[in-house]
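Enquirer: Below you'll find the structure I mean.
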Amino acid sequence: MFDQKGQIRIIESFLAIAVVFSAVLVSATFPSAPDLSKQESLASIGTQALIKLDTNGTLGNMILGQLWCDIKTALDILLPVGVSFNLTIYDETGHLVNSEVIQNSNLLGREAVSVQYLCSTRSQTVHFFVVRLQMAWMG
Amino acid sequence: MIILALSSIVGTTKLMTPYLTDLAHRDDADRFQYLASHLLLTAGTPTNWGQLISTTPSSLGLAKCDTLQPYELDIDKVTRLNNENIYSLDYSDLWQALGMKDVSFQIEIKPLFQLSIELASDSTQGSQRVYEFKIVARKSGMPLSTNLNSYVILKDFINETASSTSSDGFGTIKIGIPNSLNGTALLLVFAQAMVNPQMVSVGVYPFGHNLQTPLPNGAFTRLSPLNYVLNASLKYATVEVSKAQVFTFNYNFSLSIKTQGAQIIEYNIPRLLDASPMVMVLTGVNGSTSFAEFVPYPQVPLQIGADFSESIAGSRIAVYRYTATVDSALYEVVTRWGGLSDNV
């Protein structure tokens, strides 16, 4: 009788240990909270950069003038350090406009966000462009 | 058995505590971002609190009140964030106006790119001394091509020189000043990014001409621009101002006196459409010492708010960067947010 009780206690002990370890394992797999210092919203930053670049129709005129290098430099200045970007421009019919790649580094393998912005030229013949800006944090 | 059960409870609680704490703060990022946007997209109350010298806003917003553009800030609201201005607000005023008792914050406003000025050489050539300055334009280390417009001011002498920085960010400015003059001279350099005329940065380099060391800015006057009026408080009764001028990338004008009192002079600042910060320069004498002192308008760079640099490791600080317009020129606005325990 006593031996049977002892065996049950041992089984209970093992079960308790199993409960403790399973609790540890389950806790460890919970996702941790995001690091707020890195939680700058890239989409918001990108949209805002495009809005500011387009003040007074500047962006539309740069696209019309095919100033791809100038657009890249302007985005380098407007976007924070550590942001990789790739800008693609389409016309009203969805055809690719930029003949050169507008990017500061490759986005491959990074978690990217994408924003779209509609801009126009301020000329007698108004042209519309859809600007797609993809961004990701470097490193 | 009891020990096992207790250790299980304690262990689980210890492991779960950080997660539960994280749960309580999981919406902080969204909340802080909303607050940052609110700060830059609303005008506050009253909507023209920037111009009202004796008014502390009851709600905080830095946007220009009648603007159609998002992220266009009021020049005076920005200027009142600078503690060098006599009309500035302190952090406790701003914190109360924000109305979020559990949040501490910091606002930093600066030009989109940095300009550094260095005296490369100086030599006497005939009746003048020729100075050569090295200018470097960079954005976080990235060199920038810019158009430069520089002014040298010494007493009534003004020299304007146009130049540029090349793709490596470097440029030079050479100016000659007559040897008949002496005193503290100022070199103002306005740099405009070639890709966008709204991206402008300004640098000021004081140097002594026929003088060993230049006098520090603010030695004789305290200059505070607000509501397109420059308040010049003279620190000594013996200070005499001979000229007050305003400089931008494209223009420079003499300022007209609005009011004059005992040791206080007010000047009217013109409303210019130039996409450039303005720099006001006062020249004058105190006894036999001539001086040249300056203040930018909007009065940036500036930083006000909680000091997060002393926050303990691992504390939660959210940083949001924006590009904002102040009087047609673009600036970088960095806002930092944290809980009240981080610092006030």
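The values are calculated or read from the model by the stated rules, or taken from the named source; none is laboratory data. Please read all numbers here as calculations on a predicted model, not as lab measurements. As a convention, Cβ positions derive from the backbone with ideal geometry for all residues, glycine included, and neighbour counts pool all protein chains shown.
Enquirer: When residues of the range B:141-191 are filtered for being at positive phi and touching a residue at least 12 places away in the same chain (Cβ under 8 Å), how many remain?
Expert: Of the residues in the range B:141-191, 3 are at positive phi and touching a residue at least 12 places away in the same chain (Cβ under 8 Å).
Enquirer: Looking only at the range B:104-130, count every residue that is more than 30 Å from A:L50 (Cα to Cα) and surrounded by 17 or more Cβ atoms within 10 Å (Cβ to Cβ) and tell me the total.
Expert: 2
Enquirer: Separate question: Give the residues of the range B:106-146 that are part of a strand (DSSP E or B) and touching a helix residue (DSSP H, G or I) at 6+ places or on another chain (Cβ under 7 Å), sorted by residue number.
Expert: Within the range B:106-146, B:Q106, B:I109, B:K139, B:M142 meet the criteria.
Enquirer: If a residue has to be more than 14 Å from chain A (Cβ to nearest Cβ) and either closer than 27 Å to A:L53 by Cα or assigned to a loop (DSSP other than H, G, I, E, B) (or both) to count, how many in the range B:31-63 make the cut?
Expert: Of the residues in the range B:31-63, 19 are more than 14 Å from chain A (Cβ to nearest Cβ) and either closer than 27 Å to A:L53 by Cα or assigned to a loop (DSSP other than H, G, I, E, B) (or both).
Enquirer: Continuing with this model, one more query. Residues that are of a type in the set (A, V, I, L, M, F, W, C), buried (at least 18 other Cβ atoms within 10 Å of the Cβ) and within 12 Å of chain B (Cβ to nearest Cβ): does the range A:83-93 have at least one?
Expert: yes
Enquirer: Just to be sure I understand the filter: pairs with C-beta atoms under 8 Å, separated by 6 or more residues or on different chains, first member in the range A:73-85 and under 19 Å from B:P111 (Cβ atoms), second member modelled with pLDDT of 90 or more and hydroxyl-bearing (S, T, Y). Which pairs pass?
Expert: Hits for this filter: A:T73/B:S145; A:L78/B:T323.
Enquirer: Can I ask one more? Starting from the range B:27-48, keep only residues that are assigned by TED's automatic domain parsing to the domain that holds B:Q69 and surrounded by fewer than 16 Cβ atoms within 10 Å (Cβ to Cβ), then list their pairs with residues that are in a helix (DSSP H, G or I) and among the small types (G, A, S) whose Cβ atoms are within a distance under 9 Å, requiring at least 6 positions of separation or different chains.
Expert: Listed by first residue and then by second, the contacts come to B:T45/B:A97.
Enquirer: Quick check, is B:I173 closer than 30 Å to A:L75 by Cα and of a type in the set (A, V, I, L, M)?
Expert: Spelling it out, B:I173 is indeed closer than 30 Å to A:L75 by Cα and of a type in the set (A, V, I, L, M).
Residues are listed down the side, and each one gets a yes or a no for (1) over 17 Å from the mean Cα position of the chain (by Cα); (2) modelled with pLDDT of 85 or more:
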| site | (1), (2) |
| --- | --- |
| A:S99 | yes, yes |
| A:L108 | no, no |
| A:A112 | no, yes |
| A:L118 | yes, yes |
| A:V126 | yes, yes |
| A:M135 | no, yes |
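Enquirer: Any idea which of (1) free of Cβ contacts under 8 Å to residues at least 60 places away in the same chain; (2) away from every other protein chain (no Cβ under 14 Å); (3) under 26 Å from B:T323 (Cβ atoms) is the one B:I135 doesn't satisfy?
Expert: Among (1) free of Cβ contacts under 8 Å to residues at least 60 places away in the same chain; (2) away from every other protein chain (no Cβ under 14 Å); (3) under 26 Å from B:T323 (Cβ atoms), B:I135 violates only (1).
Enquirer: Of the residues B:G208, B:G141, B:G169, which single one is more than 17 Å from B:V246 (Cα to Cα) and away from chain A (no Cβ under 14 Å)?
Expert: B:G208
Enquirer: Also, I was wondering about something else. In the range A:124-139, what residues are in a loop (DSSP other than H, G, I, E, B), out of contact with any helix residue (DSSP H, G or I) (no Cβ under 7 Å at 6 or more places or on another chain) and in contact (Cβ under 8 Å) with a residue 40 or more places away in the chain?
Expert: The answer is A:M138, A:G139.
Enquirer: Is there a residue being part of a loop (DSSP other than H, G, I, E, B), of a type in the set (V, I, T) and more than 14 Å from chain B (Cβ to nearest Cβ) anywhere in the range A:106-116?
Expert: no
Enquirer: Can you tell me which residue within the range A:45-81, out of those that are within 7 Å of another protein chain (Cβ to nearest Cβ) and among the small types (G, A, S), is nearest to A:V130 (Cα to Cα)?
Expert: Filtering first and then ranking leaves A:A49.
Enquirer: Within the range B:75-103, which residues are surrounded by fewer than 18 Cβ atoms within 10 Å (Cβ to Cβ) and part of a loop (DSSP other than H, G, I, E, B)?
Expert: B:N83, B:E84, B:I86, B:S88, B:D90, B:G99, B:M100, B:K101, B:D102
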